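Following: one structure in structure tokens, then a few remarks.
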Amino acid sequence: MLIAVNLQSDVPLYTQLTNQIIEGIASGRLAPGEALPSVRSLSSDLGINMHTVNKAYAALKQEGYVEIHRQKGVVIQHELPIADETYRASLAERLRPLVSEAICRRMTEAELLALCTALYRQIHPDYPASSD
């Protein structure tokens, strides 16, 4: 698994790690049951603090993407969380400012939807295209 962090980004390092691991799961690069690097190993490889990696792993556990075992370490869940009503409400709340910004920058609805579709297919290319 290839993870890289941008030390100059405004996005916190633990958020970058969390996002990259979730994208790895979504894209199929990380499979259910697969072990992630140890906290010590990943922090050493990336040159970041172990607490940062711990925080990312804790966030992934809380969101239901990984389980943490004393002997096996951090492992991708076999049963990933589903998009229930709580998740959909949270997603809408996080998307609202992005959609608002796109509107302020005169992006059309079609342009925004095309961008979302392109990103979805880039991350998950095997997903069948909808038949509109």
Helix-only [θ]222 nm of the chain, DSSP H runs n ≥ 4, -39500 (n - 2.57) each, per residue, nearest 500: -17500 deg cm²/dmol
Based on the alpha-carbon gyration tensor of the stretch 33-109 and its eigenvalue square roots a ≥ b ≥ c, which shape applies: rounded if a/c is under 1.5, prolate if not and a/b is larger than b/c, or oblate? oblate
At 7 Å along Cα-to-Cβ for each site, give me the label-to-label distance between Leu112 and Ala92 in nm. 1.4
Gaussian network model of the chain, springs between alpha carbon atoms under 10 Å - residue of Pro32, Pro97, Pro12 with greatest fluctuation: Pro97
Relative contact order of the chain, pairs being alpha-carbon contacts under 8 Å that are 6 or more residues apart, as %: 22
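Roll a 1.4 Å probe over the protein chains and send me the accessible area per residue for the stretch 1-83 in Å².
Solvent-accessible surface per residue comes out at 64 Å².
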Calculate the length of the line joining the C-alpha centroid of the stretch 16-32 to that of the stretch 53-113, in whole Å. 11
Estimated distance in nm for a label pair at Glu63 and Val99, the labels positioned 7 Å out from Cα along Cα-to-Cβ: 2.0
At 0.36 nm per residue, minus the direct Cα-Cα distance, what do Ser9 and Arg70 gain on full extension? Give it in nm, one decimal, please. 18.7 nm
Compute, for the chain, the length of the dipole vector about the Cα centre, with Cβ point charges of +1 (Lys, Arg) and -1 (Asp, Glu) only. Units Debye, rounded to 20. 420
Return the ratio Rg/(2.2 N^0.38 Å) for the chain, where Rg is computed over Cα atoms only. 1.19
Using 0.36 nm per residue of separation minus the Cα-Cα distance, give me the extension gain between Leu119 and Leu2 in nm, one decimal. 40.2 nm
Springs between alpha-carbon atoms under 10 Å, Gaussian network over the chain: tell me which of Gly64, Gly28, Gly47 tops the mean-square fluctuations. Gly47
Report the residue, chosen from Ser41, Ser27, Ser90, that carries the largest GNM mean-square fluctuation when the chain is represented by alpha-carbon nodes joined by springs under 10 Å. Ser90
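The values are calculated or read from the model by the stated rules, or taken from the named source; none is laboratory data. Here the structure is a predicted model, which means the values were calculated and not measured. Don't worry about glycine lacking a Cβ; one is built from the backbone with ideal geometry, like all the others, and counts go over all protein chains shown. SASA here: full protein model, heavy atoms, side chains in, ligands and nucleic acids out. Shrake-Rupley method; radii C 1.70, N 1.55, O 1.52, S 1.80 Å.
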